[in-house]
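Trainee: Sharing a structure with you now.
The values are calculated or read from the model by the stated rules, or taken from the named source; none is laboratory data. Everything numeric in this text was worked out from a predicted model, so none of it was measured. Note that we place each Cβ from the backbone using ideal geometry, even for glycine, and neighbour counts take in every protein chain shown.
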Amino acid sequence: MSYLSLSEDSLKFAVGRDAESPGPVVLAPPRLGSDEMNLAEFPFALLSDRQPDGLNTLEFSDSIRGKDGQPVERSWVVTGGEDFGLPVASDEQVYVALMEITRSQGYATRVIHLTRYELIKRLGWPDKGGSYTRLKAALDRLLGVTITAQQAFWDKAQQSYVDVGFHIIDDYALYSEPRGRKPSGPRRPLPMSYIAWNEVIFKSFQAGNIKQLDTGFYFGLRSAVSRRLFRYLDKKRLDGKSAFRIGLRKLGFEKLGMSRNYYPSHIKQELQRAHDELQANGFLEGFRYYRPGRDVDERVIYWFPHTAAPAAPNLPTGLLDALAVLGVTTSVARRLITQHGAEVARQLEYLPYRDPHDAPAMLVEAIRGNWAPPASYLKAQAKQAQMRQEAEAELRRQQERKHHIEERRAALDASHEALASLSPTERRDIESTARRQLTEGNPALAAHPDSAAYEIVLRDYITALLQRRSDS
């Protein structure tokens, strides 16, 4: 079975499982969101919806090899707000729903506008007062939590691990807005409710340190362990390898946030349902526990489904060159153009307006996620459209002036010819009448009979008199 997000043909799943047995997840039409890579690497919430008494800090750590081959000791400390405590398992779902909305709004600003009802609907919670109370409590915990990372936060713009302390969101406002039909069109008003991502997190978004997440699949999973394992493994499969290995204790304690009192057998027991769900729905091809040596901790290996690479078609060299200039590798560029077609050209056009810190990474994510155009791009397009309209209007005015001058010149030429055909007495009468009419109609100009303006206006009066003479 192929993983859900790879094909729309896999949208329909069998139904009718009982509450305890794992089975295919029943999903709505495809939903896509995103996940910030640091928040996918380490937990920021409990695995339950209840906070144990006296627990307000979670600590995680691991050791990896940096790009220079040297070990990097990382720590990740999550401290709950004094008034609201640690985030709980359902708060992670709120984060995923907020990321889904952020992706749909194109990461244009760290403030995203939404309605409470929209967020409740994305979460799949009942439209009842209790859900709105639950949502506010989740936002309070995401607002109050502090994450302190020591060499555990990857700064993609600087290509290094850094020490940072940050919240997940900085502020929010929730209003009781009507759920009726919203007016459509470019002037549709923004909802009053909003959340503002923390600046550290938002800069990570802008640097492209995010990955696409199949949110439909995520919300279809039935346990907190399944959802968190899915997010973690979905990040690990980005390197394209068919297998991923990790120590059992490291996975359970440092990556999923299980109780450190658990024995390996308890960790396996907690993982079993998640493994069954992820296998049943095609995300995992299989897994196996093994011990690489007598005195070495047990490990687990996961296998991901294989996806056949499409045949390389003849691709537009212009798009390939544009992606290469930005630093996208040839293999990735070919795959993007093959799979996403015109979306590549669109996102290349939008990219300068996103102010990316890591242009290749953000561009790849934008193409894969079909990001909406940023607000600055739409503003620039509107300004360009206005400038085009003004330029077209000025061109029309110039053409009209030119046409008027040509008509005037033709009329004057005809006037000269008509005047030349008259007898001297008739010419004197026409000119005398024209001077009198000009004096009566414009005495100020008549006071300057030697001026060029006087001659021009006098010629108009003569032309009008000749025209009337011709018509009578």
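Trainee: So how many residues does region 350-399 have that are acidic (Asp, Glu) and at pLDDT 85 or above? Spell out the reasoning first.
Mentor: Our first condition is that a residue be acidic (Asp, Glu); within region 350-399, this holds for 355, 358, 365, 390, 392, 394.
Imposing the further condition that a residue be at pLDDT 85 or above reduces the set to 390, 392, 394.
Looking only at that region, the number is 3.
Trainee: All but one of (1) within 30 Å of Tyr353 (Cα to Cα); (2) outside the structural domain of Tyr161 (by TED's automatic domain parsing) hold for Ile246; state the number of the condition that does not hold.
Mentor: Ile246 satisfies all of (1) within 30 Å of Tyr353 (Cα to Cα); (2) outside the structural domain of Tyr161 (by TED's automatic domain parsing) except (1).
Trainee: Continuing with the same structure: Could you say whether any residue in region 49-71 is touching a residue at least 24 places away in the same chain (Cβ under 8 Å) and buried (at least 22 other Cβ atoms within 10 Å of the Cβ)?
Mentor: No, that holds for no residue.
Trainee: Restricting the search to region 242-268, which residues are farther than 19 Å from Ala152 by Cβ and touching a residue at least 60 places away in the same chain (Cβ under 8 Å)?
Mentor: Of all residues in region 242-268, those farther than 19 Å from Ala152 by Cβ come to 242-245, 248, 259, 261-268.
Those that are farther than 19 Å from Ala152 by Cβ and touching a residue at least 60 places away in the same chain (Cβ under 8 Å): Ser242, Ala243, Phe244.
Trainee: Based on this model, can you work out whether Glu431 counts as more than 44 Å from the chain's Cα centre (by Cα), surrounded by 10 or more Cβ atoms within 10 Å (Cβ to Cβ) and free of Cβ contacts under 8 Å to residues at least 24 places away in the same chain?
Mentor: In short, no.
Trainee: Would you say Phe217 is modelled with pLDDT of 95 or more and closer than 22 Å to Thr102 by Cβ? Outline the logic, then answer.
Mentor: Details: modelled with pLDDT of 95 or more: no; closer than 22 Å to Thr102 by Cβ: yes.
It is false that Phe217 is modelled with pLDDT of 95 or more and closer than 22 Å to Thr102 by Cβ.
Trainee: Same structure again: Do we find a residue being surrounded by 10 or more Cβ atoms within 10 Å (Cβ to Cβ) and touching a Gly at 6+ places or on another chain (Cβ under 7 Å) anywhere in region 374-390?
Mentor: Looking only at region 374-390, we keep the residues that are surrounded by 10 or more Cβ atoms within 10 Å (Cβ to Cβ), and these are 374-390.
Restricting the remaining residues to those that are touching a Gly at 6+ places or on another chain (Cβ under 7 Å) gives 374.
Yes, because at least one residue in region 374-390 is surrounded by 10 or more Cβ atoms within 10 Å (Cβ to Cβ) and touching a Gly at 6+ places or on another chain (Cβ under 7 Å).
Trainee: Looking only at residues in region 184-205 that are polar (S, T, N, Q) and in contact with a strand residue (DSSP E or B) (Cβ under 9 Å, 6 or more places away or on another chain), which one is nearest to Tyr117 (Cα to Cα)?
Mentor: First, the residues of region 184-205 that are polar (S, T, N, Q): 184, 193, 198, 204.
When the remaining residues are screened for being in contact with a strand residue (DSSP E or B) (Cβ under 9 Å, 6 or more places away or on another chain), the result is 193, 198, 204.
Details: Ser193: 10, Asn198: 23, Ser204: 28 Å.
Applying the filter and picking the extreme gives Ser193.
Trainee: Still on this structure, I have one more. Being over 21 Å from Met362 (Cβ atoms), out of contact with any strand residue (DSSP E or B) (no Cβ under 9 Å at 6 or more places or on another chain) and surrounded by 19 or more Cβ atoms within 10 Å (Cβ to Cβ) is true for just one of Gly124, Gly129, Gly220, Gly208. Which residue is that? I'd like the intermediate steps shown before the answer.
Mentor: Working: Gly124 fails: surrounded by 19 or more Cβ atoms within 10 Å (Cβ to Cβ); Gly129 fails: surrounded by 19 or more Cβ atoms within 10 Å (Cβ to Cβ); Gly208 fails: over 21 Å from Met362 (Cβ atoms).
Within the list Gly124, Gly129, Gly220, Gly208, the selection yields Gly220.
Trainee: Quickly run through region 90-110 and pick out the residues that are farther than 17 Å from Leu32 by Cα and crowded, with 17+ Cβ neighbours inside 10 Å. Before the answer, list the steps.
Mentor: Of region 90-110, the ones farther than 17 Å from Leu32 by Cα are 90-91, 108-110.
Selection gives Ser90, Asp91, Ala108, Arg110.
Trainee: Name every residue in region 359-373 that is touching a Ser or Thr at 6+ places or on another chain (Cβ under 9 Å) and either at positive phi or surrounded by fewer than 23 Cβ atoms within 10 Å (Cβ to Cβ) (or both), in order of residue number.
Mentor: Taking region 359-373 as the starting set, the residues that turn out to be touching a Ser or Thr at 6+ places or on another chain (Cβ under 9 Å) are 360, 365, 369, 371-372.
Selection gives Pro360, Glu365, Gly369, Ala372.
Trainee: Is there any pair linking a residue in region 80-103 that is closer than 20 Å to Glu59 by Cα to one that is basic (Lys, Arg) and outside any helix (DSSP H, G or I), with Cβ under 9 Å and at least six apart or on different chains, and which?
Mentor: As it stands, the answer is Val88/Arg50, since those pairs meet every condition given.
Trainee: Please enumerate the residues belonging to region 111-121 that are β-branched (Val, Ile, Thr) and surrounded by fewer than 18 Cβ atoms within 10 Å (Cβ to Cβ).
Mentor: Restricting attention to region 111-121, the residues satisfying the condition of being β-branched (Val, Ile, Thr) are 111-112, 115, 120.
Selection gives Val111 alone.
Trainee: Quick one: in region 145-177, of everything that is among the aromatic types (Phe, Trp, Tyr) and more than 22 Å from the chain's Cα centre (by Cα), which residue is surrounded by the most Cβ atoms within 10 Å (Cβ to Cβ)? Explain how you work it out, then say what you get.
Mentor: The initial filter retains those residues of region 145-177 that are among the aromatic types (Phe, Trp, Tyr), namely 153-154, 161, 166, 172, 175.
With more than 22 Å from the chain's Cα centre (by Cα) added as a condition, the list becomes 153, 161, 166, 175.
Details: Phe153: 26, Tyr161: 20, Phe166: 19, Tyr175: 10.
It comes out as Phe153.
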